[in-house]
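Note sheet for the following structure.
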Amino acid sequence: MSTLELQNYLINKISSIEDPTFLSTIQNLIDKQNIVETSYTLSENQKMAVAEGESDFVAGKTVPHDEAISRAQQWLNGK
């Protein structure tokens, strides 16, 4: 089935749906697809921060996820 044929098929099927919850679900799927296709341009500072994080990772300067969560909770509780 070509892209055009599939689009027409889906349009016909969606047009016959009367369940608002189901239609809302379809809308959410379509909206999320658009989000996935969005690209972002990073500032130079953001690029440097990403590069620093990658360097830290390569150098083994990491902590387990549980420890990171614990540190964040401690930091939040200290405020």
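Could you check, for the range 3-21, whether at least one of its residues is touching a residue at least 12 places away in the same chain (Cβ under 8 Å) and surrounded by 10 or more Cβ atoms within 10 Å (Cβ to Cβ)? There is at least one residue in the range 3-21 that is touching a residue at least 12 places away in the same chain (Cβ under 8 Å) and surrounded by 10 or more Cβ atoms within 10 Å (Cβ to Cβ). Can Ala59 be described as among the aliphatic types (A, V, I, L, M), modelled with pLDDT of 95 or more and exposed (fewer than 11 other Cβ atoms within 10 Å of the Cβ)? Answer is yes for this residue.
State yes or no: is Val50 β-branched (Val, Ile, Thr), under 18 Å from the mean Cα position of the chain (by Cα) and surrounded by 10 or more Cβ atoms within 10 Å (Cβ to Cβ)? Spelling it out, Val50 is indeed β-branched (Val, Ile, Thr), under 18 Å from the mean Cα position of the chain (by Cα) and surrounded by 10 or more Cβ atoms within 10 Å (Cβ to Cβ).
The values are calculated or read from the model by the stated rules, or taken from the named source; none is laboratory data. Keep in mind it's a predicted model, so treat the numbers as computed, not measured. Cβ atoms come from the backbone with ideal geometry, glycine included; neighbour counts cover every protein chain shown.
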